[in-house]
1. Can you work out which of the residues in region 72-93 that are of a type in the set (A, V, I, L, M) and free of Cβ contacts under 8 Å to residues at least 12 places away in the same chain is least open to solvent (accessible area, probe 1.4 Å)?
2. Name the helices (runs of 4 or more DSSP H) wholly inside region 21-127 in which the number of residues that are at pLDDT below 90 and out of contact with any Pro (no Cβ under 7 Å at 6 or more places or on another chain) is 1 or more.
3. Can you name the residue in region 134-192 that is modelled with pLDDT of 85 or more and in contact with a Pro (Cβ under 7 Å, 6 or more places away or on another chain) and, of all such residues, is surrounded by the fewest Cβ atoms within 10 Å (Cβ to Cβ)?
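The values are calculated or read from the model by the stated rules, or taken from the named source; none is laboratory data. Everything quoted here is computed from the prediction, not taken from an experiment. Here the Cβ is made from the backbone with ideal geometry for all residues, glycine too, and neighbour counts use every protein chain on show. To get the accessible areas, we keep the full protein, side chains included, count just its heavy atoms, and leave off ligands, DNA and RNA. Shrake-Rupley method; radii C 1.70, N 1.55, O 1.52, S 1.80 Å.
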Amino acid sequence: MGIYSGEDRLIDAFAARFEGEGRDVVFRANLKAAPVRVTQAERDEEIARYRRAMRWMMLACVVSALGAISALVTVNIAYDVEEQSWEIWAVVLALTAGLLAATWYNHRAPDRRFADRLPIAAGLRQDEVRRRKFGQISWSNLAMAPLGALVMLIPRNNEELWGNWWNIKLGAATLLMAAVAVQAYRKWRFEREDR
């Protein structure tokens, strides 16, 4: 179990870029990219490096957030600010952008390390990529999306029930349901073709 609930999923997604075991390990920068041969030791090094980088990144994020909160509280007390201001959102945006940039950089480290290797085969075709991606989506995930659409429609008060905000929420929920229906049909079609 990781230090937070999503760590294992991120590491699994990173490790999935390496296919095979033993002497037959290949690395793909993405599903369309041509695979390059790597050793099991290189694969294990990259996964261990990614795991360490993720833990340091999470620690840095927590320390940065605590430092930013301390600075905001100090400034708000010093200047006697009583209402919520834009500085809080600016700090949240900066921390989120930094976390996303660091995650992207760490995720792309093997791309840089193995960039000079010659590919051993062609990349996957578009239909193979779609088939793999739909294979990663579970039916339970598709079934949970309509619940999210229903939660979006719960009004917070009676005034919101039929106002403009209700129309926006209804439109967003309808789009979400349509997107889920399309993806469920596509997943069903791919699974039916594989039989």
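1. It comes out as A90.
2. Where helices (runs of 4 or more DSSP H) fall fully within region 21-127 and carry at least 1 residues being at pLDDT below 90 and out of contact with any Pro (no Cβ under 7 Å at 6 or more places or on another chain), they are 40-78, 86-107.
3. Ranking the candidates gives M177 first.
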